[in-house]
Amino acid sequence: MRWRQGKRSQNIEDRRGSSGRGRKAAGLGGGVTILAFIAALILGVDPGQITRLLGGGQTAQQTPIQTNAQEEEIKDFLSVVLGDTEQVWSQVFQQAGVRYKAPALVLYRQATPTACGTGQAAAGPFYCPGDHKLYLDLSFLSELKRMGASGDFALAYVIAHEVGHHIQTLEGTAEKVQSARSRSDKVTGNRIQVAMELQADCYAGVWAHHAQKQRQILEEGDLEEGMQAAASVGDDHLQRMAGRRVVPEAFTHGSSDQRQEWLLRGLRSGDVRECDTFS
């Protein structure tokens with residue numbers, strides 16, 4: 001991606017020097033983290049539930065941030081991606097006569113308190129509608145590679161997808177989905193959740209469309225990185241990684257093909273009206 005000249009967001013909250021993890025969470029190995037992340041995606045478990053299962057949840061304590069040049073470059077990259085989503089969605093909302101309220105991106109290690117419960121790295125990147133914040137442990141980059149995706153645009157897609165959930169919260173879609181799922185059986189609830197996740201993928205594509213049109217951010221290979229990232233977090237792919245048979249009724253995020261399809265639809269059209277995954 002061509003990102004170094006981009007505008008940096010001021011909505012970055014760095015908690016890497018804080019510790020909100022419980023004793024059990026601190027001892028999690030990489031393999032357990034991967035399995036827990038897969039379980040969260042497959043089963044639709046929220047970060048708070050993952051935390052309770054893994055034993056996290058102490059009060060955060062501040063310690064000096066120990067970082068390196070690579071992490072700082074990733075942080076810089078993330079601030080540009082977030083800043084770019086702020087530009088795109090501010091314009092989209094302005095055209096609809098509404099002011100866009102941007103989310104914050106919280107960087108943390110292992111665990112951190114959120115308005116949705118204690119967030120765990122094991123749950124992967126997530127958005128909390130309670131505080132309008134995105135949460136990311138930078139160790140997720142290694143997990144993303146293990147799942148078969150890499151590259152800067154792959155990470156940008158992940159962030160843009162979580163921003164998509166923020167858009168759904170502002171639109172009222174998230175609240176409607178939660179209400180509909182509470183009245184539905186498990187299979188129907190899963191289908192509704194899949195529609196929500198695929199719409200967030202489409203919104204990520206809408207962002208990329210406008211960012212490319214206005215600032216030419218994409219380089220050769222970026223589209224392939226995004227498509228591979230979408231495929232790597234498809235429910236069928238994750239079920240196979242976990243050694244399970246593919247069970248479409250248990251999908252909560254959509255298949256690899258579906259996630260690629262909706263990301264590409266948003267990217268090609270740049271139109272939020274093309275992101276109606278619920279109809």
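Return the residue satisfying two criteria in turn: it lies in the stretch 225-253 and is assigned to a helix (DSSP H, G or I) and without any contact (Cβ under 8 Å) to a residue 60 or more places away in the chain, and of such residues it is nearest to Phe140 (Cα to Cα). So, considering only residues that are assigned to a helix (DSSP H, G or I) and without any contact (Cβ under 8 Å) to a residue 60 or more places away in the chain, the one nearest to Phe140 (Cα to Cα) is Met227.
Within the stretch 3-30, being of a type in the set (Lys, Arg) and either modelled with pLDDT of 95 or more or over 23 Å from Leu218 (Cα atoms) (or both) holds for Arg8, Arg15, Arg16, Arg21, Arg23, Lys24.
Inclusion of Ala180 among residues that are touching a residue at least 60 places away in the same chain (Cβ under 8 Å) and in contact with a helix residue (DSSP H, G or I) (Cβ under 6 Å, 6 or more places away or on another chain) is not warranted. Does any residue of the stretch 125-135 turn out to be under 21 Å from Arg8 (Cα atoms), aliphatic (A, V, I, L, M) and crowded, with 24+ Cβ neighbours inside 10 Å? Yes, there is a match, as at least one residue in the stretch 125-135 is under 21 Å from Arg8 (Cα atoms), aliphatic (A, V, I, L, M) and crowded, with 24+ Cβ neighbours inside 10 Å. The single condition from (1) assigned to a helix (DSSP H, G or I); (2) modelled with pLDDT of 95 or more; (3) not charged (D, E, K, R) that Leu144 fails is (2).
With respect to the conditions (1) surrounded by 16 or more Cβ atoms within 10 Å (Cβ to Cβ); (2) without any contact (Cβ under 8 Å) to a residue 60 or more places away in the chain, Ala115 falls short on a single one, namely (1). The single condition from (1) in contact (Cβ under 8 Å) with a residue 60 or more places away in the chain; (2) on the phi < 0 side of the Ramachandran plot; (3) surrounded by fewer than 18 Cβ atoms within 10 Å (Cβ to Cβ) that Lys213 fails is (1). Only residues that are surrounded by fewer than 18 Cβ atoms within 10 Å (Cβ to Cβ) and either outside any helix (DSSP H, G or I) or small (Gly, Ala, Ser) (or both) were counted across the stretch 264-276, and they come to 3.
The values are calculated or read from the model by the stated rules, or taken from the named source; none is laboratory data. Given the structure is predicted, the values throughout are model-derived calculations rather than measurements. Every residue, glycine among them, receives a Cβ derived from its backbone with ideal geometry; neighbour counts consider all protein chains shown.
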